[in-house]
Amino acid sequence: MICPVCHKREATQDVVRYFGEYKTQGKVCSFCYEKALNLDANGFYNTFYADLQKSCRRCGRTLNQILNTMIVGCPHCYTQFATELEPLIKSVQSSEDDD
């Protein structure tokens, strides 16, 4: 299995996180282990549980394509992938506010 964080190396390390009473887990490469431990609940979900092959009903663009290119296919993608894109958009907006 390829690491879902960097998409480059073999995922060999188990990552276990608790969000409240919910145990979540996944596998990452050794280089991304610390990064995975620092993901918030939304980031962890998107990394390990989101369906990356989910596609927009209008344009056909997949979540994986959007996350890899940071380009949505159409305005409907924002609705179709709202749960997955919200933490990403917030992180980009907050990092621009820090400048």
Problem set entry | Relative contact order, percent, the chain [alpha-carbon distance under 8 Å, six or more residues apart] | 17
Exercise. So what's Rg/Rh here for the chain, counting alpha carbon atoms and using the Kirkwood radius for Rh?
Worked result: 0.99
For this session: Please give the contour-minus-distance gain from A82 to N64: 0.36 nm per residue of separation, less the Cα-Cα distance, rounded to one decimal in nm.
Result: 5.1 nm
Problem set entry | Lys pairs under 20 Å by Cα in the chain, provided they are eight or more residues apart or on distinct chains | 5
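Laboratory data are not the source of any read-out in this text; all were calculated from the coordinates shown. Here the structure is a predicted model, which is why all the values come from computation and not from measurement.
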